[in-house]
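Just below is one structure, and these are the notes that go with it.
Coordinate-derived values only; no laboratory data. Just so you know, these numbers come straight off a predicted model, no measurement behind them. Glycine gets a Cβ as well: all are built from the backbone with ideal geometry, and neighbour counts include every protein chain shown.
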Amino acid sequence: MKRQNLPAVFALSMIFSLLTLAGQAKPETKTEADTLQVPQNVKVILNNSCFGCHNTDSRNDDAKEELDLKTWHQLTGTKRLLALKHIRETIEENEMPPKKFLQHKPEKALSAEQKKLLIDWVKQESTALLKK
């Protein structure tokens, strides 16, 4: 190989290396319930009434320990099924959002239609997980 071609070969190898490294970069971490693969109408409900407390960055330690929607994608099938069961039960028993929380933020209350949408989503997700 001629000496005059060495800079071009070096430049091409550097470009190739940078492109390879760029392809291996970690994807951005999302900070909303959008990390969940859910229908848009369910995302809206989760973002409005649930995500504020149930995420890694929440100041509500009990809520984020109970359910962290930001790390939902990391749950195994069994843990996800258990979380879905818990979500369904707390909605059906009118425990979420908590009454004390709703005293300060009544706009976060779930309507009957929103509860039905969430419960239907939970049933659908549970069925899909059981079929895997």
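How far, in nm, would the chain grow between Gln74 and Val44 when pulled straight, counting 0.36 nm per residue and subtracting the alpha carbon separation?
Working: separation 30, 0.36 × 30 = 10.80 nm, distance 2.13 nm.
Full-extension gain reported as 8.7 nm.
Apply the Kirkwood formula to the range 77-132: the hydrodynamic radius equals the inverse of the mean of 1/r over all pairs of different alpha-carbon atoms; give it in Å with one decimal.
After inverting the pairwise mean of 1/r, the radius is 12.1 Å.
Over 29 Å between Cα atoms: which of Lys108/Lys131; Lys85/Lys105; Lys70/Lys131; Lys43/Lys85; Lys105/Lys132 fall into that group?
On the way: Lys108/Lys131 33 Å; Lys85/Lys105 26 Å; Lys70/Lys131 25 Å; Lys43/Lys85 18 Å; Lys105/Lys132 39 Å.
Distance filter (> 29 Å) returns Lys108/Lys131; Lys105/Lys132.
Modelling each spin label as a point 7 Å along the Cα-to-Cβ direction, I'd like the Leu81/Asp57 distance in nm, to one decimal.
Roughly 3.4 nm, to one decimal.
For Lys115 and Glu65 in the same chain, what is the full-extension length gain: residue separation times 0.36 nm, less their Cα-Cα distance, in nm?
Numbers: separation 50, 0.36 × 50 = 18.00 nm, distance 2.22 nm.
Net length gain for the segment: 15.8 nm.
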